[in-house]
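Below is one structure; the comments refer to it alone.
The values are calculated or read from the model by the stated rules, or taken from the named source; none is laboratory data. What you see is a predicted model, and the numbers here were worked out from it, not measured in a lab. FYI the Cβ positions are ideal-geometry reconstructions off the backbone, even for glycines, and counts take in every protein chain you see.
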Amino acid sequence: MGLDPIAQGRSRPLSTTVRPFEVEPFFILAILGLFLYIIGTKKYMEFAIIKTGGKQYKVSKGDLVKIEKIKGELKVGDKVVFEDVLLVEDGKDTKIGTPYIATAKVEGTLEAVGRNKTVEVVKYKQKSRYYKKNGHRQPWFKVRVDAIK
């Protein structure tokens, strides 16, 4: 019982309390500097909410958005204009449409055209030898937002 704790293979006696986690002053300064950098560089982003393909998307200038295919013959590099704009935020002012903003539009460039992976559609009725199997690939566009007006 009265043996030395170091002789028992322990680095400290069992009766002492553990000191709280000690942090180097440099580490605290680094965290504080990172926090101030994030706060200082945060700017109010201009964004808009558009409606296309039955869905709503929040877009900013420079965003690449994957949307449903738009009717018409469009090729990569073509300009696309979204006129169904529901909301525009420019950092100072927020405009909300009822349901759309008449003067607002979002312009973009078509970056890519493709189709999703195959979704299998199976129809089956038991005991009647009825079995139908079809596949479907949903087309999509990727649009780069150029301007919010």
(request) With the checklist (1) under 18 Å from LYS149 (Cα atoms); (2) among the aliphatic types (A, V, I, L, M); (3) modelled with pLDDT of 90 or more in hand, flag the one item MET45 doesn't pass. (result) (3)
(message) Can you list residue pairs whose Cβ atoms sit under 9 Å apart, with the first residue in the stretch 54-66 being outside any strand (DSSP E or B) and the second being at pLDDT below 95 and among the acidic types (Asp, Glu)? Count only pairs 6 or more apart in sequence or on different chains.
(response) LYS61/GLU46
(message) Any residue in the stretch 133-149 that is under 19 Å from LYS71 (Cα atoms) sitting within a Cβ distance under 7 Å of a residue that is aliphatic (A, V, I, L, M) and not in a strand (DSSP E or B)? List the pairs, counting only those 6 or more apart or interchain.
(response) PHE141/ILE70
(request) Restricting attention to the stretch 68-109, report how many residues are in a strand (DSSP E or B) and basic (Lys, Arg). (result) 2
